[in-house]
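Everything on this sheet refers to the single structure shown next.
Rule-based calculations on the coordinates, nothing more; no lab input. What you see is a predicted model, and the numbers here were worked out from it, not measured in a lab. Here the Cβ positions follow ideal geometry from the backbone for every residue, glycine too, while neighbour counts run over all protein chains shown.
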Amino acid sequence: MNSTPLVDGHAHGDGHRHPAHQFETMEQQKETSTLGMWLFLVTEIMFFGGLFTAYVIYRHMYPDAFAAASSTLDVKWGGINTAVLICSSLTMALAIRSAQVNWRKGILIFLSLTMLLGLTFLGIKAIEYRAKFVERHVPGDVLNEPFHFELENHHEAAVAQAQDPLYPRHAEIFFALYFIMTGVHATHMIIGILILAVLWHFSRKGKFDSEYYNPLEMTGLYWHFVDIVWIFLFPLLYLLGAHTH
Amino acid sequence: MDTIAARAPVTTTAETSFERPNYLNSSYGWKSWLLTLDHKRIAILYLISVTAFFALGGIFAGLVRLELLTPEGDLMGPDTYNRVFTMHGVIMVFFFLIPAIPAVLGNFLVPLMVGAKDLAMPRLNLASWYVYNLGGLFTLWAVVHGGVDTGWTFYTPFSTTYSNTYVIPTALGIFITGFSTIFTALNFIITIHRMRAPGLSWFRLPLFIWSTYATSLIIMLGTPVIAITILLVGIERGFHIGIFDPRLGGDPVLFEHMFWFYSHPAVYIMILPAMGVVSELVGHFARKKVFGYRIVAFASVAIAVLGFLVWGHHLFVAGESVYSATVFSVLSMLVAVPSAVKVFNWTATLYEGSISYQTPMLYALGFIGLFTIGGLTGVMVATLGIDVHVHDTYFVVAHFHYVMVGGTIMAYLGGLHYWWPKMTGRLYSTFLSRLSALLVFVGFNLTFFPQFILGYLGMPRRYWSYPPEFQVLNVLSTAGATVLGVGYLLPICYFGWSLRYGAKSGNNPWGAVSLEWDTPSPPPTENFYTTPVVTHGPYEYLAEDVHNRLTQEANFE
């Protein structure tokens, strides 16, 4: 992450900000870190890209099992979480706006709200994970009990059985990808919240104002990126089986 | 005339510059090294780590060659042999070949060549060294506890289900080290984009910068994919969740696709910086602007782009459809075009050049010859019909060693010899260094050329024993490996010797005109006393320069 400008954009006694030693101007420093952040996001896209590729291939191989498995996810919680994340993107943007208009208290308020919404998301995710654990929809040998998947509706089960005799097995792959994809995403959320906490600390010390708020902006890019990943995950994982209801 | 004026300080300040502190003596103590933010010191730290891993990988290579001296398993059984060649591959690929040129020479040279005070993110740069070593520790832990036997490719389902060795710690080590590569690449790209000195336009950049830039692009786009792939292998192995396990509906070939999506471009991560080094060496030791500079620069980018479209040629015999195999075959051959452009342009640069056969140039010329063989056999194995026969034989082993060892390591050593006076301000033994270049070239060919024949005759790779009729060629190969080992040990000895006893090199022992020589050797911590203003390209030698070089060379001898 961009720790460099965090500490280096310091104000000296004369009240002017000086760039870190390797830069000539503050503008050059800002441009450089912005480019660096976008490049970092490119690597993130490739990282998630690998997962999405695996998902697309298995969904193509086992469409019915995936649809059946997807229908057991709770669209309500997923939808609420989508809304929560979109709101958190708004509060993140407002935190940056507060810096731009020199409203230092606003930075603190909106950073806190963003963290709160991020934690809300994780809380809801935990509820959903718990449900999956109770239903034994946990693949592999993570639990002591083996993975178990059965459609409640007998008709649907018969149809699925006819289309894909091994569908519980293939549903296991769906849940493997579900846990890995949402787990990697949640890890990104946790890292994001930790960075926000550090920024909150610096904001309290009055590090950021309309002249210098680059770390806020860079973290904002990261936060929006993590949101966008969820915007793709939600329909791929939750809405896939919606048509079976 | 202004170009002369711009270069004038190099010769005039030669004696006085040592009065001002340089990056080596500006501060002392282990803390000043382990907590340094100076890209030059970080490059030295990397040099030490990378050399250690090279030595370790070399020991494993020696064990492989020793075992193959005889047809029977005299030295080790199949299980041990599997571990030995796997550790050789893992360490050499992930801990030496990929980081070697970018992290050592690149770290040292990129800011100097673009006229910057440091890389854009010095803390990230230091972090990359620590992350590299952390990843290395995980892998070393696995080595100490018995190693891995999957081959460096970790093919599933063997790596996820059947192997009883330390797959997860090794994979974790590679996963972690991947981040260090990404940090370095990110630093390079933003530094090259945003921190060039005034007047340093894109087409005044040294070709090493162009190739480093192209390499960094591959690293940024490829490494995250191997990261997630390795993560999936780890999870699959740990929890048996069936992503790559056919018994659970998974697809092991998907792993091969995801693995090679990174690992084939990784070959270009290894060779592109080497090509950049050779472009520098050829230009400077022929005293000529590199022929077709722009084409050579764009060839690097073309290799980076094409490199992402050819991974399927590793799956010709893995059940890939004949149509995709054909497409991958054609695309793979296309990579030969920019590669050949480079080889031809280096050769054209030599034409009517004022060539001096200093040690770095010997390595560069060796590179051109060996890379040409490696590249041409690459076209052979890209051909479907041939690959079906030589797949998984020593032919492939010889091919990629010609590119990776004959290419990358030759260029790395050539670069080290060329920039050693820049890094340390010291000269090394001319005789010993020329001897080592010769030993490496001869030893290399003796090691790997017989392997082409062995492979063509059908000796499969990754076996601990072989039919007795293959023994003569295997003995030749092992003898060559011994010569090669001596050739690699020599530089370690005389480089180490030069640190204390080597003659002072002066600022510019080669009389080169590119920007990195336009400051004292070793450079001051801030690289340049004043921000340089660049008025010419990196290889614009004038008749006077050639004359200067002749006089300087006389001194050097």
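Which aspartates and glutamates, on any chain, are close to A:Lys76 with Cα under 15 Å apart, when same-chain ones fewer than 8 places away are left out? Cross-link targets: A:Glu128. Model label sites at B:Lys504 and A:Val101, defined 7 Å from Cα along the beta-carbon direction, differ in position by 6.4 nm. Other residues whose C-beta falls under 15 angstrom from the C-beta of B:Val327 contribute a net charge of -2, scoring Lys and Arg +1 and Asp and Glu -1.
A Cβ-based charge dipole, computed about the Cα centre of the range A:57-244 with Lys and Arg at +1 and Asp and Glu at -1, lands at about 980 debye.
Once you sort the root eigenvalues of the Cα gyration tensor of the protein assembly as shown as a ≥ b ≥ c, which label holds: rounded (a/c under 1.5), prolate (a/b larger than b/c) or oblate (the other case)? Oblate. Placing +1 on the Cβ of every Lys and Arg and -1 on the Cβ of every Asp and Glu, with nothing else charged, gives the protein assembly as shown a dipole about its Cα centre of roughly 1680 debye.
Look at the stretch B:225-238: the mean tally of other chain Cβ atoms within 10 Å of its residues' Cβ atoms is 4. In this calculation the C-beta distance from A:Arg130 to A:Phe202 is compared with R0 = 22 Å, giving a FRET efficiency of 0.05. Between B:Ser354 and B:Val486, what is the label-point separation in nm under the 7 Å Cα-to-beta-carbon projection? Those two pseudo-labels are separated by 3.7 nm. FRET efficiency for the B:Tyr529 to A:Glu27 pair, using the beta carbon distance and R₀ = 22 Å, is estimated at 0.35.
With a threshold of 24 Å on the Cα-Cα distance, the over-threshold entries among B:Lys288/B:Lys342; B:Lys289/B:Lys342; B:Lys289/B:Lys422; A:Lys30/B:Lys289 are A:Lys30/B:Lys289. For A:Lys105, the aspartates and glutamates whose Cα falls under 20 Å of its own Cα, not counting residues fewer than eight places away in the same chain, are A:Asp209, A:Glu211, A:Glu217. Couplings 3J(HN,Hα) of the range A:187-203, computed from phi: 4, 5, 4, 4, 4, x, 5, 4, 5, 4, 5, 5, 5, 4, 4, 5, 5 Hz, in residue order, whole Hz [Karplus 6.51 cos²θ - 1.76 cosθ + 1.60, θ = phi - 60°; x for Gly and Pro].
Selection among B:Tyr418, A:Ile127, B:Gly502 by position relative to the dipole of the protein assembly as shown gives B:Gly502 as farthest towards the positive end (Cβ unit charges, Cα centre).
Amide hydrogen proximity for B:Thr393: with H placed 1.01 Å from N in the peptide plane, the residues at 5 or more positions away or on another chain lying under 5 Å are B:Arg461. Positive-end ranking of B:Pro206, B:Leu186, B:Ser436 along the dipole of the protein assembly as shown, with charges on Cβ about the Cα centre, is headed by B:Pro206. Spherically averaged projected area of the convex hull of Cα atoms, chain B: 24.2 nm². Counting Cβ atoms of other protein chains within 10 Å of each residue's Cβ and taking the mean over peptide B:246-254 gives 5. Subtracting the Cα-Cα distance of B:Leu457 and B:Leu309 from their residue separation scaled by 0.36 nm leaves 50.2 nm. Per residue of B:190-197, other chain Cβ atoms within 10 Å of the residue Cβ number 4 on average. Extension gain, A:Glu211 to A:Ala158, is 12.6 nm, computed as 0.36 nm per intervening residue step minus the present C-alpha separation.
Considering only the other residues whose Cβ falls under 12 Å of the Cβ of A:Lys125, what net charge follows from Lys and Arg at +1 and Asp and Glu at -1? It works out to a net charge of 0. Taking a ≥ b ≥ c as the square roots of the eigenvalues of the Cα gyration tensor, the range B:87-136 is oblate, since a/c reaches 1.5 or more and a/b is not larger than b/c. Calculated [222 nm] ellipticity per residue, helices only, for the protein assembly as shown: -23000 deg cm²/dmol; basis is -39500 (n - 2.57) per DSSP H run with n ≥ 4, divided by all residues, nearest 500. Only Cα pairs under 8 Å and at least 6 apart count here; give the relative contact order of chain B as a rounded whole percent. Contact order relative to length: 19 percent.
If R0 is 35 Å, the Cβ-Cβ spacing of A:Ile231 and B:Trp202 corresponds to a FRET efficiency of close to 0.45. Histogrammed with a bin width of 5 Å, the alpha carbon distances of the range A:57-244 distribute as 1, 8, 16, 17, 14, 11, 9, 7, 6, 5, 3, 2, 1, 0 percent, first bin at zero.
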